[in-house]
1. As a test question: what accessible area, to the nearest 10 Å², does Ile486 have when a 1.4 Å probe is rolled over all protein chains in place?
2. How much of the calculated P(r) for the range 292-379 lies past 17 Å, in percent of all Cα pairs?
3. Using modelled backbone amide H atoms (1.01 Å from N, in-plane), which distant-in-sequence or interchain residues come within less than 5 Å of Tyr542's amide H?
4. Restricting things to alpha carbons, find the Rg to Rh ratio for the chain using the Kirkwood radius for Rh.
5. Of the chymotrypsin sites (Phe, Trp or Tyr not before Pro) in the range 656-692, which ones lie in a loop per DSSP and count no more than 12 other C-beta atoms within 10 Å?
6. On a full-extension model of 0.36 nm per residue, what is the gain between Asn403 and Glu456, subtracting their alpha-carbon distance, rounded to one decimal in nm?
7. What nm value, rounded to one decimal, do you get for the distance between Asp734 and Glu94 when each label is placed 7 Å out toward the C-beta?
8. Among the listed pairs Lys153/Lys771; Lys368/Lys457; Lys254/Lys306; Lys200/Lys310; Lys547/Lys778, which are separated by more than 31 Å between their Cα atoms?
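The values are calculated or read from the model by the stated rules, or taken from the named source; none is laboratory data. Bear in mind that the values here come from a model prediction, so they are computed numbers and not experimental data. Backbone-built Cβ (ideal geometry, glycine too); neighbour counts: all protein chains shown. Protein only, heavy atoms only, side chains kept; ligands, DNA and RNA dropped before computing areas. Shrake-Rupley method; radii C 1.70, N 1.55, O 1.52, S 1.80 Å.
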Amino acid sequence: MYSKRFEKETFKNDVKENVRTLYRKEIEEATPQQIFQAVSYAVKEAIVDDWLATQKTYEKEDPKTVYYMSMEFLMGRALGNNLINMTAYKEVKEALDEMGIDLNVVEDQEPDAALGNGGLGRLAACFLDSLASLGYAAYGCGIRYRYGMFKQKIKDGYQVEVPDNWLKDGNPFEIRRDEYAKEVRFGGTIRVQYNEQTKKEDFIQENYESVLAIPYDMPIVGYGNHVVNTLRIWDAQAITDFKLDAFDRGEYHKAIEQENLAKTIVEVLYPNDNHYAGKELRLKQQYFFVSASLQVMLEKYKKKHKDVRKLYEKVTIQMNDTHPTVAVAELMRLLIDQEGLGWDEAWEVTTKTVAYTNHTIMSEALEKWPIDLFSRLLPRVYQIVQEINRRFVEQVRRMYPGNEDKVRKMAILMDGQVRMAHMAIIAGYSVNGVARLHTEILKHQELKDFYEMMPEKFNNKTNGITQRRFLLHGNPLLADWVTDHIGDGWITDLSQMSKLKPLADDPKARAEFMDIKYKNKERLAKYILEHNGVEIDPRSIYDVQVKRLHEYKRQLLNILHVMYLYNQIKEHPEMSFYPRTFIFGAKASAGYVRAKEIIKLINSVADVVNNDLSINGKLKVVFIEDYRVSNAEWIFAAADVSEQISTASKEASGTGNMKFMLNGAPTLGTMDGANVEIVEEVGIENAFIFGLSSDEVINYENNGGYNPQEIYFNDWDIKRVVDQLMDGTYSHGDHEMFRDLYNSLLNTQGGDRPDRYFILKDFRSYAEAQKKVEEAYKDPDRWAKMALLNTASCGKFTSDRTIQEYVDNIWKLDYVTVKPEA
Ligand code: CR1
């Protein structure tokens, strides 16, 4: 047994006691939410044993530690996952059963910790799981947003955003750590003063505003190894120790301002995925958590080590995209102003400590802060950025004499902006992309100049996902089936899934596999009926596209194709057609108008199609409200087809694609991101690939785009579908509702080329691939084989593999084992 605390009687008593002490109630009177809290506190006791043991081990062995800095950690629910990783899920389920409590219902009381938008934030969460499971010392560093990703309601087919008050009932797993509170300063001016003692200049910040950063620690439980790492997320509080006697008007105002700053800074997650909004508050958030995290990191390091010049031997910092890149200059500031290092010494330490991951080539996602904003908010940090830039520009001029174009393209400070990616690359000792194709595009297109100048920094780390959450927890039926056939080694070594491959030729195994899929489809059908009021048929093909809504991800292509199929079925009622359920789930950033129009279109098509009795239920369209980590687990388990249809070159990696594959859904996709590697692993015959290649897309882009009108006027089916955006078919006769979508496909708009994402260009090839899906599905043996082989070939896509590569090639961490406390 993992821990004595999970012995049935002990655990049951704990839960009862917790209900009494937390709520002064007997268990029979407790609400489901209260039972969730009581169960969580009982589990937390076991976690804390290991958390302490882990900290003691780290204390003793002093392993090198990674600080994974990220504005987003999309954790989802903790209870079920913690039980899974403590290998206590089944015992606890039984114990609760005996008390007449259903663990599923208990789990359902927990709000998702939705401190992230999409792939980038969920990747950070999977990475933490893998770091702990593999036995590496790691801190996740982030922000404890009071409001996470908004909850999505659909009203009249439109997205409505509802605040996500995820902390309202309290978060049982977190621990507030007042002892590590740190001050973070904004604004004011810098006075330079010669210091007689140090013989150096001191840089004194005056008239600044400041906040107190207070960390909350969340446990990150490794799988079955007693390692518990920490996700440290920062809350803000006003600094209130101003003297009452000096409480004149000015200080009063200042006090209130600081109070407001503290309140607003951690108030809410910016709901943008792959998009930079350039808001001052966002930069404040970035500096806030970066500065606090670095201060504690240095303090901790100095407790054990005298010489900060050797920091990089024990610490490495991974910057998750450019969001935490201000860490470069903040670390320089701390090393120079606080630790007294000279510039060169500080630069050596910094450039051996920080590393950068690029997650996108979408130009609208690039962070470029206006210099006036940046320098006003972070005056001392800005001076340091200037100096980094000055020295770098000198270096470029030395390497490329007379080539001022290089300077313009590569400098950090240019055209009144601070280009964060450039700072990250210049300072980072490693720069990585997140899938092979993406890294190649970085090296040869987007970051070409940097790659030429410093090729040794560039490397690829293809993303991965944790099988613990997305199979063991999310799909218990399939997890048990896999374990029955190949043992449970896959839980910590996903490459063992390949042992399933022979079963693809075993009719009994195939039947079992498809039976499990069917049960998962029933489970999802029930969820959809309860939550969305739509009835779907588990015998139909579940064709699923779940991910953030973004034009480049091309949900529009998917729904246009549904409109096309609907036309076909109406026109040829006799045509053989395998029933299909198109399932969508997607949040659109609150300010992303076109994305919201696409949601409306999907719901409008659903309305028409689902209510047309004449098509005999052959076609259903469902938009799952509030797509998030917790319902994603069920959706992946139930999917037949995985829609990964981004315009080639635009999706850096994708990670949903891997979760579908793990759960036995073949990919219908473009040769983009990690799809390329998925196809390589599973074989092209077990996927449905279509569309332009990334080279072709880039080629068009570099040569003025393509002309969608040519397609529109020559392909009658396409013209009809596009016209239906305007003729009122899906808008109760309203000709304006979808005009913008229509225009986006055919006309130049605000400098954007028509159909920038090649939807019409790829339409025919997509429709053909869809046809092949249908043919394949009609042959149950063939389909079962494909589905099974997807699961069997997913080994590469575990985040354990990704993390091991980061450890081996970038971070060089020490492996640690933790002995549980006796
Ligand atoms: C990419 O769009 C990738 C994740 C995680 C996203 C997606 O393809 O899987 O990152 N990028 O690497 C992003 O959010 C800000 O950029």
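1. 20
2. 53
3. For Tyr542, the qualifying residues are Thr581, Asp640, Val641.
4. Here the Rg-to-Rh quotient is 0.97.
5. Those that pass, being in a loop and sparsely packed, number zero.
6. Answer, rounded to one decimal: 16.8 nm.
7. Distance between the two pseudo-spin positions: 5.7 nm.
8. Working: Lys153/Lys771 33 Å; Lys368/Lys457 22 Å; Lys254/Lys306 38 Å; Lys200/Lys310 22 Å; Lys547/Lys778 27 Å.
Too far apart for the 31 Å limit: Lys153/Lys771; Lys254/Lys306.
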